[in-house]
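Quick notes on the structure that follows.
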Amino acid sequence: MTSNDQPPQLVLASASPARLRTLRAAGLDATVIVSGVDEDAVTADGPADLAATLARLKAEAVAVRLGAPGLVLGCDSVLGLDGRILGKPTGAADATRRWRSMRGRSGVLYTGHCLIDTGSGKRAAGLGATTVHFADVTDDEIAAYVASGEPLHVAGAFTIDGLGGPFVERIEGDPGTVIGLSLPLLRRLLAEQGVRITDLWIS
């Protein structure tokens, strides 16, 4: 991209405020268009495949609706524990059961990324994977966390950048993957599309 070219519009195909905050904290602005994909209707062989598939479906759903050339980014996160796929919990009881099974143990948080250039139709995709080591939290801590409502709206029923942060002992990998959007991976996907991430910085 030359200095005379206008940077492409970046569109985030996600309702996640954490993903939008991550982009803006890195100097990137994005228009949010929610995909409307029914995540519960999508099946896959494992958590990594599900995260990648949902990211692609979200990006595709928004790309066909975009009326102007742009870059559509779809993301989705899924926790894998003992081979099980753990997306968003179905309710408070489900979140409680999950935390009782996760505490003191480790899982892998997968976040799929799919970037579609609606002008050329070219797409780039990648998958982030970060190992998460959960604290051996008490029943009272689990009850308080579930009562806060936070774990009901996020993959794996936890966050590292909110109330759930104290309940994660450590991670191995990119923290952005756990939050829902890996900036180093996004940089590589943009490069595949011939776009420098610095060109998208808010001036």
ARG84 passes all but one of (1) among the basic types (Lys, Arg); (2) at pLDDT below 95; (3) buried (at least 17 other Cβ atoms within 10 Å of the Cβ); which number fails?
(3)
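Any idea which of ASP45, ASP49 is closer than 19 Å to LEU109 by Cβ and in a loop (DSSP other than H, G, I, E, B)?
Within the list ASP45, ASP49, the selection yields ASP45.
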Anything in the range 25-36 that is within 15 Å of the chain's Cα centre (by Cα) and open to solvent by 60 Å² or more (accessible area, probe 1.4 Å)? List them, or say none.
VAL32, VAL34
Of the residues in the range 117-158, those that are among the hydroxyl-bearing types (Ser, Thr, Tyr) and assigned to a helix (DSSP H, G or I) come to TYR145, SER148
The range 133-156, residues that are surrounded by 21 or more Cβ atoms within 10 Å (Cβ to Cβ) and touching a strand residue (DSSP E or B) at 6+ places or on another chain (Cβ under 7 Å):
PHE134, ALA155, GLY156
Residues within the range 58-81 that are open to solvent by 50 Å² or more (accessible area, probe 1.4 Å) and either free of Cβ contacts under 8 Å to residues at least 24 places away in the same chain or among the basic types (Lys, Arg) (or both), tallied:
3
Can we say GLY119 is more than 13 Å from the chain's Cα centre (by Cα) and either more than 21 Å from SER148 (Cα to Cα) or open to solvent by 30 Å² or more (accessible area, probe 1.4 Å) (or both)?
yes
In the range 37-47, which residues are buried (at least 19 other Cβ atoms within 10 Å of the Cβ) and either over 14 Å from the mean Cα position of the chain (by Cα) or among the hydrophobic types (A, V, I, L, M, F, W, C) (or both)?
VAL37
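The values are calculated or read from the model by the stated rules, or taken from the named source; none is laboratory data. Here the structure is a predicted model, which means the values were calculated and not measured. When we count neighbours, we look across all protein chains shown, and the Cβ atoms used for this are built from the backbone with ideal geometry, even at glycine. Just so you know, the surface numbers come from the protein's heavy atoms only, side chains and all, with ligands and any DNA or RNA stripped out. Shrake-Rupley method; radii C 1.70, N 1.55, O 1.52, S 1.80 Å.
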